[in-house]
1. Yes or no: Glu165 modelled with pLDDT under 70, farther than 30 Å from Glu55 by Cβ and part of a loop (DSSP other than H, G, I, E, B)?
2. Does Ser71 fit the bill of being of a type outside the set (A, V, I, L, M, F, W, C), on the phi < 0 side of the Ramachandran plot and in contact with a Pro (Cβ under 7 Å, 6 or more places away or on another chain)?
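The values are calculated or read from the model by the stated rules, or taken from the named source; none is laboratory data. What you see is a predicted model; the values in this text were computed from it and never measured. Neighbour counts run over all protein chains shown; Cβ positions are idealised from the backbone, glycine included.
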Amino acid sequence: MSKSRIPAKLPALPYAEPLSVMTLKGETHLVLKPDVETRARIARFAGLHALDRFEAHLTLHPKPDGSVQVSGRVDAETQPICVVTLEPFADRVSEPVEVTFAPPEVLARLAEREVEEDEDALANGSPELPDAIVNGHIDPAALAVEYLILGLDPYPRKPDADFAEIKVGEDMISPFAALKALKSDEGKG
């Protein structure tokens, strides 16, 4: 019988700047431009070779119910590793950000209302709810990193990178033909 291990501590976020929602006194504009060291941490976290530029332009708009609407854009110049050549190459990410954060009591009311309006909501998956405001804070920096990662190609490939074809003499053969040839050679021995 094996026990699943729960990590004692979650990995630290590469870029975090928690912001108390109580300090928001109306629409707030943020421009986040992490320094070189922070960009290096974000690059490692995101599986990039490097992160040459990273900017987030966000607008935070508090609502009367205690929720906060965050909108804006994340722009970055990245160096992912090509899945074909295993070499870094230059790429860009530009992702729109549109998220609502809500306090726990608002989330509970919204979830309850969703279930009452649609009895099949639980069978069809959880309803679309805002993200939670945790201990009175949201983290626009962590949100920006999340949107950067969402904008990355999961299988980055240099524009000119192609898989090499197998050649035997002058003729091109398919990988399946090469496997068939190997199998027929095994039967001869």
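1. Details: modelled with pLDDT under 70: yes; farther than 30 Å from Glu55 by Cβ: yes; part of a loop (DSSP other than H, G, I, E, B): yes.
Taking the combined requirement at face value, the residue satisfies it.
2. When the stated conditions are applied, Ser71 does not pass them.
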